[in-house]
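The values are calculated or read from the model by the stated rules, or taken from the named source; none is laboratory data. Bear in mind that the values here come from a model prediction, so they are computed numbers and not experimental data. Cβ coordinates were reconstructed from backbone atoms using ideal geometry, including for glycine residues, and neighbour counts include every protein chain displayed. The area values use the complete protein model at the heavy-atom level, side chains included, leaving out ligands, DNA and RNA. Shrake-Rupley method; radii C 1.70, N 1.55, O 1.52, S 1.80 Å.
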Amino acid sequence: MKKFVSMLLVAMLCVAMCATLASAEDFSGVTVTYWTAPFGENDAAFFEEQLSDWMARTGAQVNIEVIPWDSYEEKYMTGVASGTGPDVGYMYNEMLFNYIDSGAILPIDEYFTDEVKAAAIYWENGKVLGQQYLLPYVVGNPRILYVNMDLLAEAGLDAAPTTWDELVSTAKAIKEATGKTGFDQQWGGYFGDLNEVFFPYLWQAGGRLVDDEGNLFPDFDAALKAAEFLYSLKTEGVISEYCTSRDGSAIAEDFRNGDIGMAIMSTSAAAKNTEAGINWGFAPYTTETAGGTFVANDSLVLMSSAKNVEAAISLMKEITSIPVMEAFHEQVYQMPPISEGEKYLDNPAFETMYEEAASGFHALPVVANFSQIEAALYSNLQSMMMDDLTPEEALRTTIDYAASLS
Amino acid sequence: MSAKQKNNLWGWLFVLPSFAVLLVFIAFPIVRSFYLSLTDYNVLKPPSFVGFKNYVSAFKDPFVQASFRNTFQYVLTTVPIQTILSMIVAAIIAMRFQNRYGRFVKGCMFIPVISSSVLVGTLFTLLFDSTKGVVNSAISLVGIAPVNWLGQKSTALLTVCIATIWKNVGYFLVIFYAGIMDIPMSYYEAAEVDGASKLQQFFSITLPCLKPITYLVVTLGIIWSFQAFDMVYAMTQGGPGKSTYTMVYTIYNAAFREYRMGYACTVALVLFVFILVVNNIQKLFLGRE
């Protein structure tokens, strides 16, 4: 009898807890608008399916809008300015400053328990401009050095280079043995390509992009060393003489056609490299003073215009929950896990890299005028590659320009 | 109310709808842009008045300086070539090929006009590709070394100009052709009787009679060229260096990539003033009649 009574009590307790939870998560009649970028072929359908349980549980509806990359920032700008923006947004670091500065994004710290924070692997990455504004969501996709192992073998080598000297000697060896370009870079694209062509070398030289006060290249000598190294790649004929008219897609295409031996691309390019039949290997990055490369740190943000903050936060938690993220990484976009206990579903080739090389992965800073500075830097470095500016002039001109903006 | 006043009132009433449209869609945006050009405005926060600071910054900005220079080069390259080329082709078709072949050529030359600029830009990027482009393959047949068309300062803007001319010629060709068809045949018959050659007829009859059409074509060409954006966006993104930055590309960058709407309005107004000035200079030469 005692056993029956205790079971009854436990059952009643469970029912009561469920009822409490249900009432706490009752957002009947609320529609939460979520804007995201296209990662797969049909992101909207994926999220509608994955969030159906959450919608049934909470009574809320989700309005998912997938915005093309080409017009991503424009859509946010016009949407937020006209009051027709999302409740929950997906944003990358380069676009955050103005929204945070204008109060369009709210801090989220208070809505997350210590347990949730501890389980979120990259929680600390979400602290920018002094507060926790971001819920890291797409963290990974570092720019790594891919190597065509067949061309490498033809050159009598068997391992990807790990230092600048090795990068140069390997590129030259490939060129000598195969007649093909050993290593190439895209200097004919747009400033987003700095993630592949300049920032990794800046970090590898031990430099920083900005200091705490927002000053550009606080370790100028390191920045100069990186720029001089890149310039030497052009003058020594290591990279193609046509690099100033090649963009990222041209470099990727050349690599997949087996026309170049090494190139820096994102880990998400691995599948296409394999599809193209390339026998590829990689090094996370080369090392000079330090190791380093760019890594994405894209996040979910809570917009201050959210009509129901609790519902929006609940949606953010649901999207970043282990089941949804595992499905996302498996069906839509291969990335490493963002929570403790989540399965690793990115390309198996990179699993150990995320543990062993993580210290060299750098996200871009959230600072004022960063897009303008990037545009000026890319333009000046292009001029350097065309012999119009010296490496020092390219950097100094950019620093002066950045200073004139503040 | 007198009859004259009534007449005036009716006049105003008839003009009012068009005037209202002009006011709302032309005058108000210009006035509003001028106001915003005097502010620090990023769309997300209310504008704050900064006086003429944006104008001072614009004239010091290396991107704006480069875009002014490039835009002028772009105008000076594309407008004369596309005007002369379309006039010559129109004259040849009108004089020699007023048949199905002429119609076919006109139709073909209009295809680029209705094609998207991004498509045309992509096509020319492929044609002028340094390593695999058709143009470099063709010139290599006559022993010329491959050119890095879109990757060096001296040729990047020129390549964009070539793509623009290719896209625009068909449009102006149709206008010139219509203009030539309007020239009375009796002029040519009289010239024939006087023993004028075809070339003399072209320079002494066709060209003078086409003056109003030429004025229209040059005006449109100048305005379009000052607004160059889409081809640059598709082909070079302003590079390499700043060699293909145009004014509208700079405006776009300032407004939508850098969130500097006030600054973008400043550059836009400067562009507006430039177009006005150039248009008035052009009137002195072509539009006196």
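Taking the protein heavy atoms of chain A in the context of the full set of protein chains, the accessible area attributed to carbon and sulfur is 51 percent at 1.4 Å. For a modelled paramagnetic label at B:L199, 7 Å from Cα along Cα-to-Cβ, no residue of segment B:156-178 is in reach, as no backbone nitrogen comes under 16 Å.
Among the chymotrypsin sites (Phe, Trp or Tyr not before Pro) in segment B:1-79, those located in a DSSP loop and surrounded by at most 16 other Cβ atoms within 10 Å of their own Cβ are B:F52. Here is the interface size for B with A: some 2700 Å² of accessible area buried, both sides summed, with a 1.4 Å probe. Each principal axis of segment B:62-195 carries a Cα extent, and these read 56, 38, 31 Å when sorted largest first.
In whole Å and largest first, what semi-axes does the C-alpha gyration tensor of segment A:285-406 yield when each eigenvalue is scaled by 5 and square-rooted?
On the way: eigenvalues 265, 110, 25 Å².
Equivalent-ellipsoid dimensions as semi-axes: 36, 23, 11 Å.
For A:T286, what charge total do you get from the other residues with a beta carbon under 14 Å from its beta carbon, if Lys and Arg give +1 and Asp and Glu give -1? Taking every Cβ under 14 Å from that of A:T286, the sum is -2. Each residue of segment B:254-261 is assigned a 3J(HN,Hα), and the resulting list reads 4, 6, 9, 9, 10, 6, 10, 5 Hz, derived from the Karplus form 6.51 cos²θ - 1.76 cosθ + 1.60 (θ = phi - 60°), x at Gly and Pro.
Give the value in nm², to one decimal: projected area of the alpha carbon convex hull of segment B:61-286, averaged over all directions. Averaged projected area of segment B:61-286's Cα convex hull equals 14.9 nm².
Using only C-alpha positions, report the orientation-averaged shadow area of the convex hull of segment B:1-121, nm², one decimal.
Details: hull surface 64.5 nm².
Over every viewing direction, the Cα hull of segment B:1-121 projects on average to 16.1 nm².
Under a 5 Å amide H cut-off, with hydrogens placed 1.01 Å from N, A:V32 pairs with A:Q61, A:V62, A:N63 among residues at least 5 apart or on other chains.
For segment B:61-286, the fraction of 1.4 Å probe accessible surface lying on carbon and sulfur atoms is 71 percent. Under 5 Å between amide hydrogens, built in the peptide plane, is the criterion, and for A:D219 it picks out A:R208 among residues at least 5 positions away or on other chains. For segment B:91-99, 3J(HN,Hα) computed residue by residue from phi via the Karplus equation (6.51, -1.76, 1.60; θ = phi - 60°) reads 5, 5, 5, 5, 7, 10, 10, 7, 8 Hz, glycine and proline entered as x. Residues of segment A:275-290 with amide nitrogen under 17 Å from the 7 Å Cα-to-Cβ point of A:S232? Hits in segment A:275-290 for A:S232 at 17 Å: A:286-290.
Mean per-residue shielding of peptide A:380-390 is 4, counting Cβ atoms of other chains within 10 Å of each Cβ. Projecting label points 7 angstrom from Cα along Cα→Cβ for B:V134 and B:V56 puts them 5.3 nm apart. The calculated FRET efficiency for A:D114 paired with A:Y344, based on their beta-carbon distance and R0 = 30 Å, is about 0.75. Two numbers describe the Cα atoms of the protein assembly as shown: Rg and Dmax, which are 30.7, 128 Å. In sequence order, segment A:77-92 has phi-based couplings of 4, 6, x, 5, 5, 8, x, 10, x, x, 8, 10, x, 9, 9, 10 Hz under the Karplus curve 6.51 cos²θ - 1.76 cosθ + 1.60, θ = phi - 60°, and Gly or Pro positions carry x. Which parts of segment B:219-249, residue by residue, lose 30 Å² or more of accessible area when the rest of the protein chains are there, as against the chain isolated (1.4 Å probe)? Buried on complex formation: B:Q237, B:P240, B:G241, B:K242.
For the pair A:T289 and A:A368, the difference between a 0.36 nm per residue extended length and the Cα-Cα distance amounts to 25.6 nm.
Calculate, for chain A, the solvent-accessible area per residue in square angstrom, rolling a 1.4 angstrom probe over the heavy atoms of the protein chains.
On the way: 16910 Å² over 406 residues.
Per-residue accessible area for chain A comes out at 42 Å².
Against the empirical curve 2.2 N^0.38 Å, the C-alpha radius of gyration of segment B:245-289 lands at a ratio of 1.50. Per residue, chain B exposes an accessible area of 54 Å² to a 1.4 Å probe, with every protein chain left in place.
With the cut-off at under 12 Å, measuring from each backbone N in segment A:337-361 to a point 7 Å along the Cα-to-Cβ line of A:I322 picks out A:338-344.
Compute the projected area of the convex hull of the Cα atoms of chain A, averaged over all viewing directions, and report it in nm² to one decimal place.
Details: hull surface 90.9 nm².
Mean orientational projected area (chain A, Cα hull): 22.7 nm².
Residues whose amide H comes within less than 5 Å of that of A:F183, counting only those at least five positions distant or on another chain, are A:G261, A:M262 (H built at 1.01 Å from N in the peptide plane).
My understanding is that a pair violates if its Cα-Cα distance is over 31 Å; which of A:K117/A:K225; A:K75/A:K272; B:K45/B:K167; B:K167/B:K211; A:K180/A:K225 do that in this structure? Let's see the in-between values first.
Numbers: A:K117/A:K225 39 Å; A:K75/A:K272 29 Å; B:K45/B:K167 40 Å; B:K167/B:K211 23 Å; A:K180/A:K225 27 Å.
From the list (A:K117/A:K225; A:K75/A:K272; B:K45/B:K167; B:K167/B:K211; A:K180/A:K225), the Cα-Cα distance tops 31 Å for A:K117/A:K225; B:K45/B:K167.
Summing charges over neighbours of B:S243, with a neighbour being any other residue whose Cβ is under 10 Å away from its Cβ, gives +2 when K and R count +1 and D and E count -1.
Only DSSP H runs of four or more residues enter the estimate; each adds -39500 (n - 2.57), and after division by the residues of chain B the mean residue ellipticity at 222 nm equals -23000 deg cm²/dmol.
Work out, in µm²/s and without decimals, the Stokes-Einstein translational diffusion coefficient of segment A:292-338 at 37 °C, 0.692 mPa s, Rh from Kirkwood over C-alpha pairs. Show your work: numbers first, answer last.
Numbers: Rh = 12.4 Å.
Diffusion coefficient, whole number: 265 µm²/s.
Among the trypsin sites (Lys or Arg not before Pro) in segment B:199-289, those placed in a DSSP loop whose Cβ has at most 15 other Cβ atoms within 10 Å are B:R288. Got a sec? Which residues of segment B:32-59 lose 30 Å² or more of accessible surface with every protein chain in place, vs. that chain alone, 1.4 Å probe? Correct list: B:V43, B:L44, B:K45. Taking packing as the residue-averaged number of other Cβ atoms within 10 angstrom, the listed peptides B:206-219, A:379-392 run from highest to lowest as A:379-392, B:206-219.
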